[in-house]
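The values are calculated or read from the model by the stated rules, or taken from the named source; none is laboratory data. The structure presented is a predicted model; accordingly, all values stated were derived computationally and were not measured. Cβ placement follows ideal geometry from the backbone for every residue including glycine, while neighbour counts extend to all protein chains displayed.
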Amino acid sequence: MQHSVIPPDEARRIVPALASSLNPEVWVHRFEDFDRGWTLSVATHARPGAGQLSLGGFRIAPVERLASPGFTTDREAIALAMGMEEKVHWSRVLRVGGPFARGQLDRIVGGKCVLAPTPDARVGQPRDAELLDFALGCFAAVEAAGVHLVTGQDLGHGTMSDGRTGSLAYLNARYKGSVVADTSVPTGEGNYRILDGMLRATGVPLERATVGLIGCGHIGMHIIGRLRERGTSILACESRAARRTELEALGIRTFAPERKRAMLAEPMDALVVNAAGGTLDRATVEAIVANARLQVVCGSENLAMPEPGAAALLQHAYRAYAPTELGGMMGYLTAVEEYLAREAGVPFDVATLLEAARALDSAGFRAVTRLRANGFAESFEDAITALGPG
């Protein structure tokens, strides 16, 4: 296995957008096993030897991401680490977190692990344990470099080829920084809370709202459950036919991905995005702007907006857009809370994260109220920063 460290100046050449991000300092630990054809990149804002906590999920890159134009594990990990650093940033601004994390927010930075496997080594395939052992060796090398890597749920995980063991449980039993908490429930709760606050600020309570969702995985289903409790009308765009059937049985109108534009033309008050990435492309943003009733956009999707300038289109059209990094921060906060609780020898209580997520309701309400009062003269991010905790 070859281990190389890419310094920040080279990382900025790989992903130029890093230079203008909140924190342009990213180190990439690249691990390559040429004999077995595996590459793992750990991108982190943690300076080597500084003893910081690097938070971000462990992604086993899906086939469609491997096939996407320009994909490399370095590029994917850097871009995702930037998003994680934004989540950390917003938790600092709002002072949101569980009881342990709130005391250590200044020690936490964003990061991400991205692994490109061979088909026979994906989780559920014959060589999956061998692949995860490779990852564990990489994690140990990052730890030896003075970076406390805390990583957990992301794409590509599931039941291993033995038919019994979960891939995260396998990692958790062998590496202290691998956490197993289901981050989808607190993330979904954070999504629901910020959506509730943002819509109330527009004068449309959830009881009278129609909300469109793109992506109905674990996070999306949690949001749907909460919305149904409130009597919200729901539209859902989902790629899996089985999940669409499940939603239709609940009385929810569904749309396949190729009919996304048709859904966006429907009368709705808010859109929540939690798909696999790239949902808020320019065409989608233009469709949102064209929908006169649609006032609120939020979610927690990673890499949701391929063209960052598209956010300005929403602002200029008086649409309130909460960056998905803000909406998704409860997931990282769940992972770090589990890690810190274990470190303190205290049982981890996920309920503390559901309580912490309530702060996003107030944040969404206050930010949108401010934007509507000043004619959207600033971005949602600037409004949240100006308002601070509350």
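Checking each residue in the stretch 1-22 for being modelled with pLDDT under 95 and either of a type outside the set (Ser, Thr, Tyr) or in contact with a His (Cβ under 9 Å, 6 or more places away or on another chain) (or both) picks out 1, 17, 22. Number of residues in the stretch 350-390 that are in contact with a helix residue (DSSP H, G or I) (Cβ under 8 Å, 6 or more places away or on another chain), not acidic (Asp, Glu) and not in a loop (DSSP other than H, G, I, E, B) equals 23. Would you say residue 335 is surrounded by 21 or more Cβ atoms within 10 Å (Cβ to Cβ) and closer than 22 Å to residue 22 by Cβ? Yes.
As a summary of the residue check, residue 96 satisfies the conditions (1) surrounded by fewer than 24 Cβ atoms within 10 Å (Cβ to Cβ); (2) in contact with a helix residue (DSSP H, G or I) (Cβ under 7 Å, 6 or more places away or on another chain); (3) touching a residue at least 24 places away in the same chain (Cβ under 8 Å); (4) closer than 20 Å to residue 337 by Cβ except for the one numbered (1). In this structure, does residue 214 turn out to be touching a residue at least 12 places away in the same chain (Cβ under 8 Å) and either within 13 Å of residue 274 (Cβ to Cβ) or surrounded by fewer than 18 Cβ atoms within 10 Å (Cβ to Cβ) (or both)? Taking the combined requirement at face value, the residue satisfies it.
If you go through the stretch 15-31 and pick out every residue that is of a type outside the set (Ser, Thr, Tyr) and surrounded by fewer than 18 Cβ atoms within 10 Å (Cβ to Cβ), you end up with 7.
Residue 196 meets each of the listed conditions (1) assigned by TED's automatic domain parsing to the domain that holds residue 288; (2) surrounded by fewer than 22 Cβ atoms within 10 Å (Cβ to Cβ); (3) not small (Gly, Ala, Ser) apart from (2).
The single condition among (1) under 22 Å from residue 81 (Cα atoms); (2) at pLDDT 95 or above that residue 337 does not meet is (2).
Considering the conditions (1) of a type in the set (Val, Ile, Thr); (2) in a helix (DSSP H, G or I); (3) outside the structural domain of residue 223 (by TED's automatic domain parsing), residue 346 is excluded by exactly one of them, (2).
Within the stretch 62-69, is there a residue that is farther than 20 Å from residue 138 by Cα, surrounded by fewer than 24 Cβ atoms within 10 Å (Cβ to Cβ) and basic (Lys, Arg)? Within the stretch 62-69, one or more residues are farther than 20 Å from residue 138 by Cα, surrounded by fewer than 24 Cβ atoms within 10 Å (Cβ to Cβ) and basic (Lys, Arg). For the stretch 1-58, the strands (runs of 3 or more DSSP E) that sit wholly inside it and include 2 or more residues that are farther than 24 Å from residue 118 by Cβ and assigned by TED's automatic domain parsing to the domain that holds residue 101 are 53-55. For the stretch 292-314, the criterion of being assigned to a strand (DSSP E or B), more than 20 Å from residue 189 (Cα to Cα) and not β-branched (Val, Ile, Thr) is met by no residue. Identify the single condition in (1) in contact with a Ser or Thr (Cβ under 8 Å, 6 or more places away or on another chain); (2) in contact (Cβ under 8 Å) with a residue 60 or more places away in the chain that residue 260 does not satisfy, given that it satisfies every other one. Answer for residue 260: the failing condition is (2). Screening 109, 142 for residues that are surrounded by 22 or more Cβ atoms within 10 Å (Cβ to Cβ), within 19 Å of residue 83 (Cα to Cα) and assigned by TED's automatic domain parsing to the domain that holds residue 81 leaves exactly one candidate, 109.
The residue that is surrounded by the fewest Cβ atoms within 10 Å (Cβ to Cβ), counting only those in the stretch 1-14 that are of a type outside the set (D, E, K, R) and closer than 18 Å to residue 111 by Cβ, is 4. The single residue among 284, 202 that is among the polar types (S, T, N, Q) and buried (at least 19 other Cβ atoms within 10 Å of the Cβ) turns out to be 284.
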